[in-house]
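Here is the structure we will look at.
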Amino acid sequence: MTTRWTRKDLLGLRELSADEINFILDTADAFKQVGTREIKKVPSLRGKTLVNFFVEPSTRTRTSFELAALRLSADVINISATISSLTKGETLKDTARNLEALHADIFVLRHGSAGAPQFLANRLKASVINAGDGAHEHPTQALLDLYTIREKRRQIAGLHVAIVGDILFSRVARSNIFGLLKLGARVTLVGPSTLVPREFEKLGVEISHKIDEVLPKADVVNLLRIQHERQRREYFPGIGEYIRFFGLTKERAKLLKADCLIMHPGPINRGVEIDSEVADGLHSVILNQVTNGLAVRMAVLYLCGGISA
Amino acid sequence: MKQTKQKTSGAAVPIMDAEAIRGSLRRVAHEIIERNPQLTHVVLAGIPSRGVEIAERIARFIHEIEKINVETGVIDVAMHRDDVGTRSELPIVRESKLPLPLEERTIIVVDDVLYTGRTVRAAMDAINSFGRPARIQLAVLIDRGHRELPIRPDYVGKNLPTAGGEKVQVRLEQTDGEPDEVRLEKS
């Protein structure tokens, strides 16, 4: 391993090289093992303070970052949109500068606007980790997806990965596309044409609107959540319609290769994008993703947090 | 990283050749056998990367002498260092591999050069996070002095008095792709 980590921030996978991505995954290997020890804690970030700054609500990503930071012995503060002064009219920059004045070392930012982490990273000495910004990127989710694929299949190059669902608004899909292509996978996006526009072909992926044609060829199927709480009526007629054309039902699961991996960033809508039998079935690595998310986030915090000091 | 990984510059005095390294590791193997009547409880745990190779070599000598396979392992110290952020380079973390449970076992930490003792301190912390071994011992190829912590080795291949500015360079075939050698680079 000759690669060295030189970035204080992790803003997206688009700007990372394949070597840098592999370096994070290798580092995550070492941290994954910490979770199996009797004492699941190492002193790497002892004395550092991490701010979980979630302007958009999230439970699983925030919890995963929090546990990752605690296992590295960092102190953690959680700030959510509702309790922050953002609701009182303070700007993002002022909130962050106030937090930096408290000597915070690492900011984990979830924000509704694309580019918010970049904005902070440019203005703060502290590390900024993007925990999801608008429809832009969600790098740690994609890294844990890559890690899970690599763990199960040893190598990502040459695999055919299908990403199914609401691609248009999905930062998870975008980060996955960048990461998978850099590591040599073939990527097919699947969904209704309203949610999977042709523009994506420019990134170097294939597009299909017929899931039954893609499933028998896929080595990995990554299902994205249909955000039905947002009721995108203008994009597809309804949930029933979506299930009929794109849901991974137990009947459709019969089309899968025997060793195909089913992934989902969670939280899953059982009976919508995936049937319960499939989510809990042999193909599913959904809970492995959760476990691996912790290791990947420890690696990212260790690398970026170690640099910023 | 460690002093031993610096590139050669200026005059380096040869200290040990392959034969001398072989002889001293064989002697260390004998001493480990004498000190540990229950060899099946012993784990030779190397600190990456040269410590791992030295642990393997000692294990082979023990097998030659006693026909017993001693367990070997790897202890990552990078994530247990107390100086993350104070060095220009972030240490690369690696996976530790130790046979479990550690209770009842004797862990012999193996490294190439013993200097300040901080790496060994980190190794002991790492071991303790896996459990509570019966005892921990320390084996090194070179003890160059200048301890900053109350740590002493149980087995030493060679005591090498050095000045602070000097650099001890260990080269091993398997880890460095160079013939086995120990050199002292004068400041």
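On inspection, residue A:38 passes the criterion of being charged (D, E, K, R) and in contact with a Gly (Cβ under 6 Å, 6 or more places away or on another chain).
Filtered by the rule that a residue be under 16 Å from residue A:80 (Cα atoms), in contact with a helix residue (DSSP H, G or I) (Cβ under 7 Å, 6 or more places away or on another chain) and not aliphatic (A, V, I, L, M), segment A:92-110 gives A:93, A:95, A:107, A:110. If the condition is being without any contact (Cβ under 8 Å) to a residue 24 or more places away in the chain and among the β-branched types (Val, Ile, Thr), then segment A:24-53 contributes A:36, A:39. For residue B:120, the conditions (1) surrounded by 15 or more Cβ atoms within 10 Å (Cβ to Cβ); (2) in a loop (DSSP other than H, G, I, E, B); (3) more than 11 Å from chain A (Cβ to nearest Cβ); (4) out of contact with any helix residue (DSSP H, G or I) (no Cβ under 9 Å at 6 or more places or on another chain) all hold with the exception of (2). Test residue A:257 against the criterion of being among the charged types (D, E, K, R), modelled with pLDDT of 95 or more and touching a helix residue (DSSP H, G or I) at 6+ places or on another chain (Cβ under 6 Å), and give yes or no. Against the criterion (among the charged types (D, E, K, R), modelled with pLDDT of 95 or more and touching a helix residue (DSSP H, G or I) at 6+ places or on another chain (Cβ under 6 Å)), residue A:257 does not qualify. One residue stands out among those in segment A:18-50 that are farther than 21 Å from residue A:148 by Cβ and away from chain B (no Cβ under 11 Å): the one that is surrounded by the most Cβ atoms within 10 Å (Cβ to Cβ), which is A:50.
Pairing residues of segment A:202-225 that are over 22 Å from residue A:153 (Cβ atoms) and modelled with pLDDT under 95 with residues that are open to solvent by less than 10 Å² (accessible area, probe 1.4 Å) and part of a helix (DSSP H, G or I), at Cβ distances under 9 Å and at least 6 apart in sequence or on separate chains, gives A:203/A:177.
The set of residues in segment A:10-22 that are touching a Ser or Thr at 6+ places or on another chain (Cβ under 6 Å) and touching a residue at least 40 places away in the same chain (Cβ under 8 Å) contains only A:13. Scan segment A:278-289 and tell me whether some residue there is assigned to a helix (DSSP H, G or I), open to solvent by less than 30 Å² (accessible area, probe 1.4 Å) and at pLDDT below 95. Checked segment A:278-289: at least one residue is assigned to a helix (DSSP H, G or I), open to solvent by less than 30 Å² (accessible area, probe 1.4 Å) and at pLDDT below 95. Residue-level check: of (1) at pLDDT 95 or above; (2) under 23 Å from the mean Cα position of the chain (by Cα); (3) away from every other protein chain (no Cβ under 14 Å), residue A:299 misses just (3). Scanning segment A:258-277 for residues that are of a type in the set (Asp, Glu) and either on the phi > 0 side of the Ramachandran plot or part of a loop (DSSP other than H, G, I, E, B) (or both) yields A:259, A:273, A:275. Among the residues that make up segment A:93-109, is at least one of them within 18 Å of residue A:302 (Cα to Cα), more than 23 Å from the chain's Cα centre (by Cα) and modelled with pLDDT under 95? Checking segment A:93-109: at least one residue is within 18 Å of residue A:302 (Cα to Cα), more than 23 Å from the chain's Cα centre (by Cα) and modelled with pLDDT under 95. The set of residues in segment B:40-97 that are under 16 Å from residue B:112 (Cα atoms), modelled with pLDDT of 95 or more and open to solvent by less than 20 Å² (accessible area, probe 1.4 Å) comprises B:44, B:45, B:46, B:47, B:50, B:51, B:54, B:55, B:58, B:59, B:73, B:75.
Can you say whether residue A:67 is within 13 Å of chain B (Cβ to nearest Cβ) and in contact (Cβ under 8 Å) with a residue 60 or more places away in the chain, as far as the supplied structure shows? Taking the combined requirement at face value, the residue does not satisfy it. Only one of these is more than 14 Å from chain A (Cβ to nearest Cβ), in contact (Cβ under 8 Å) with a residue 60 or more places away in the chain, of a type in the set (Ser, Thr, Tyr) and open to solvent by less than 10 Å² (accessible area, probe 1.4 Å): B:115, B:155. Name it. Of B:115, B:155, the one residue that is more than 14 Å from chain A (Cβ to nearest Cβ), in contact (Cβ under 8 Å) with a residue 60 or more places away in the chain, of a type in the set (Ser, Thr, Tyr) and open to solvent by less than 10 Å² (accessible area, probe 1.4 Å) is B:155.
The values are calculated or read from the model by the stated rules, or taken from the named source; none is laboratory data. If you're wondering where the values come from, they're calculated on a predicted model, not measured in any experiment. We place every Cβ from the backbone using ideal geometry, glycine too, and count neighbours over all the protein chains shown. Note: areas computed on protein heavy atoms with side chains; ligands, DNA, RNA excluded. Shrake-Rupley method; radii C 1.70, N 1.55, O 1.52, S 1.80 Å.
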